[in-house]
Each structure stands twice: as structure tokens, then as C-alpha cells.
Amino acid sequence: MKRIALAAVLCLPIQMIAQQSVAEIKFHAQTDFFKLPPELYFGEVAGVAVNSKGHVFVFSRGGTTGPAYGAAAAQLLEFDAAGNYVREIGHHLYAWSFAHAVKIDKEDNIWVADKGSDMVIKFSPEGRILMVFGRKQEASDESTGPLKHVKPPLPPIDGEFRQVTDMAWDPAGNTYISDGYVNSRIAKIDKEGSWVKSWGEPGTGQGQFNTPHSIATDDSGNVYVADRGNGRIQVFDGEGKFLREIHINVPYDHKIRPWMGNIPSEISPTAEAPAPLNKTMLNGSPWAICITPGPSQVLFASDGYPGRIYKLTLDGKVLGVLGASGHGPGQFGWIHELACPSESTLFAAELLNWRVQKLTLEPTQ
């Protein structure tokens, strides 16, 4: 394990939202926690979750089959609390197409969101299928193909998803599903699996979304949505009433090269220089969020650039920051999902580095 201590560089670009100068969080990063058996590999790691026994579930774009374009790329693997390989769940499952997220509910049921098949699957702790949500396109249909991102978008259909992204639960057992890359809404399903409602539409206003990419709930039943393309976290009550939004804007060195791609522009919107329509790669735009168990809950969020993890209060105050873009321990390549079983332990699933890092955080002052 390697000790990481990164200092924030105070460089103040023009912003609509005031920047927050916060402390670095010291931490240990472990890149070799998971012991994979011979001939088994992670692909792009899209999801990671932890159950009540400390077992870790990794949803990877591995086990790939099919053509180079449109291949099936999803594999769900379980490891024990020491990182030893336990089993693969759902080998060659019909819903496996393009892995996106995995979560564990309070009864240790295993849930996955598959962006490619437009399906959410609920497994028992033993790995048997309990419920399925959404429906995959039929392989026998001549019109089967990639979903179109048309404008204006097609109206959403109850019970169906279009490139679904994530799920979370409130204390009453209701499920909230973020849907997604094509649809721009949150779906609510009761504990019996019945569709209740949905809210949201494309846009930048309150209750509108541009890729609701990750979702979490607190002990009060409030719903936190990583509205990635709009560069914010929106917070709602369980009925979809807008409560507040959170913007993360912590100083960083603008000379940092991203892991992949060009350095994104970061400007204040004006008539001469409008703000980017899609803020996915701007500082603090949330790719993944998670909320720790009670009684004193905190929120963690990650961005794609400059590639950091942020620790926040539930009302949005940034308490600390850690990490940077890169390949080494404690550096990240597009964190796609975070699991935070405690305030001092995180698991970070990375797309570009094909791994999950286990992070042990020192207390913030």
C-alpha cells in the first residue's frame, strides 16, 4: 500500500459559483486487494458494492463476447472481506450487455443496472434472480439496434428504461432508479416491485437532468442524483419534490493533464462565451456518489477531471478532497462508482485503469 498526500493548488478561474478551499485528506490506496483466479480478469470496472459481511461485488465490462461493436460486456464477481475470489454471479445472464452499476440493499440483495440491455436485476444474497425491471430489445427483431439520442427525445414509457444507470432505496424499501443516458428521469418502484411514478426531463432547470448517472439516498429518505452533464447533485424528497442542489468547486492546478482527452474548458457563461452544454468533464461534475451508513452520514462524490474524490456534508459543504488523475496508487482513471461502507473506507471502481482501489482514509479535522 502506498501513502498519498496531495495538496490543493489555489488557482482561481472565473466561475459562477464560488470556489471552496478545503483540506486534503490523507489516505492509503491498495490496488492489489482483489485476488483474481488464473485466467479471470477485470475489464473496465463500472460498479462496486459492499454487503453487510464485508463482501465486495465488482461489476466489470469483462467476459466480453460478440463483435467489436455492440459486444456483450458484463460480468459480476464476488470477493470476501479479505479480497479473495468467491464466485461469479449470473454467468451468461440474458440481461448482461454493458455493465453500469451494482448496489446492495439492506437485506443483502444484489442489484445491477445494465446500460446495454436497459434492465435492472435483483438477485438474492445466494445469487438467484428475484425481480427484473425493464426489457431488453428482442434479438429476433429486425429493428434491434443502438438507441437513438434524438432531439426532442422520445417520451419515456412507464416500466421501461433507456440506458439505465443506477439504483438506491429509502428506509421504506422503495427503489429509485436513475434513467439515464437517453431518458432523463428518476423512476420510483415500491418494495413489492410495482411502478409508482417517475419525475424529470431533459434540461438544466430544477428537476431536469442531463445524464442522471448515479443515485443515493440518506436515512431521511431524501434522494441525491448525480446530474453529471449539468455538473451538479440534485436533492429531492421521496416524491420527487426538489429540495436543493450541490455544486462542487474546489481549486485545482489547471495544468493537470487529464488521463484521457484534452484539458476541458471551464468558463463563466456570457453572451460571447457560453458555458459548455455538457459539463461531464468539468471540475466537480459528479460521476459517482455514495452516502455512508448512519448515524452521522457523509456524502462522497468523484469527478472525471481533475480526477478526485470529495467528502461532503449532506447539505453540500466540502470537508476534504483526495486523489488525482493518473495510473498509480491513489490516482484515478474515471471513477465510475463508489462504495462507502464507512467514513474511513472507500472502494473506487475505475473504467480506464481496469481496477478497483480500496482506500483507507485518515480522519478529517
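Taking the full set of protein chains and a 1.4 angstrom probe, give the accessible area of LEU319 in square angstrom, rounded to the nearest 10.
So the heavy atoms of LEU319 present about 60 Å² to solvent.
Take GLU160, GLU78, GLU44, GLU192 and sort them by solvent-accessible surface of the protein heavy atoms, 1.4 Å probe, largest at the top.
From most exposed to least exposed: GLU192, GLU160, GLU44, GLU78.
What's the extension gain from HIS91 to LYS148 if we count 0.36 nm per residue and subtract their Cα-Cα distance?
Using 0.36 nm per residue and subtracting the Cα-Cα distance, I get 17.6 nm.
So how much accessible area does LEU314 have, in Å² to the nearest 10, using a 1.4 Å probe?
Around 40 Å² of this residue is reachable by solvent.
What percent do you get for the relative contact order of the chain when only Cα pairs under 8 Å and 6+ apart count?
Once divided by the residue count of the chain, the mean separation gives 17 percent.
At 7 Å along Cα-to-Cβ for each site, give me the label-to-label distance between LYS53 and ASP141 in nm.
Each label point is offset 7 Å from its Cα along the Cβ direction, giving 3.9 nm.
Calculate log10 I(q)/I(0) of the chain for q = 0.08, 0.11, 0.13 Å⁻¹, where I(q) comes from the Debye formula with a single equal point scatterer on each Cα and nothing for solvent.
The Cα Debye sum returns log10 ratios of -0.36, -0.71, -1.02.
Taking only protein heavy atoms into account and a 1.4 Å probe, give the accessible area per residue of the chain in Å². Please list the in-between numbers first.
Numbers: 16170 Å² over 365 residues.
Averaged over the residues of the chain, the accessible area is 44 Å².
Which FRET efficiency value, to the nearest 0.05, is calculated for ASP32 and ARG257 with the Förster distance at 30 angstrom and r the Cβ-Cβ distance?
0.70
Cross-link list LYS35/LYS311; LYS26/LYS115; LYS53/LYS122; LYS197/LYS241: which exceed 23 angstrom alpha carbon to alpha carbon?
The answer is LYS35/LYS311; LYS26/LYS115.
What's the whole-number percent of alpha carbon pairs in segment 72-202 lying beyond 23 angstrom?
That tail contains 33 percent of the Cα-Cα pairs.
Please compute, for the alpha-carbon atoms of segment 277-336, the extent along each of the three principal axes and give them in descending order in Å.
34, 33, 17
When only the heavy atoms of the protein chains count and the probe is 1.4 Å, how do ARG135, ARG162 rank by accessible area, highest first?
Reading off the accessible areas and sorting them downward yields ARG135, ARG162.
What translational diffusion coefficient, to the nearest whole µm²/s, does segment 166-260 have by Stokes-Einstein, given a Kirkwood radius computed over alpha-carbon pairs, a temperature of 37 °C and 0.692 mPa s viscosity? Walk me through the numbers on the way to the answer.
On the way: Rh = 13.9 Å.
For the chosen part, D equals 236 µm²/s.
Rounded to a whole number, what % of the accessible area of the chain do carbon and sulfur atoms account for, probe 1.4 Å?
Ligands and nucleic acids excluded, carbon and sulfur reach 54 percent.
For ALA81, put the label point 7 Å out on the Cα→Cβ axis and report which residues of segment 295-325 keep their amide N under 20 Å from it.
Label zone hits: 295.
In whole percent, what relative contact order does segment 141-228 give with Cα contacts below 8 Å and a gap of six or more residues?
Over segment 141-228, the number comes to 24 percent.
The values are calculated or read from the model by the stated rules, or taken from the named source; none is laboratory data. Bear in mind that the values here come from a model prediction, so they are computed numbers and not experimental data. All Cβ positions, even for glycine, are placed from backbone atoms using ideal geometry, and neighbour counts span all protein chains on display. Heavy atoms of the whole protein, side chains included, go into the accessibility calculation; ligands, DNA and RNA do not. Shrake-Rupley method; radii C 1.70, N 1.55, O 1.52, S 1.80 Å.
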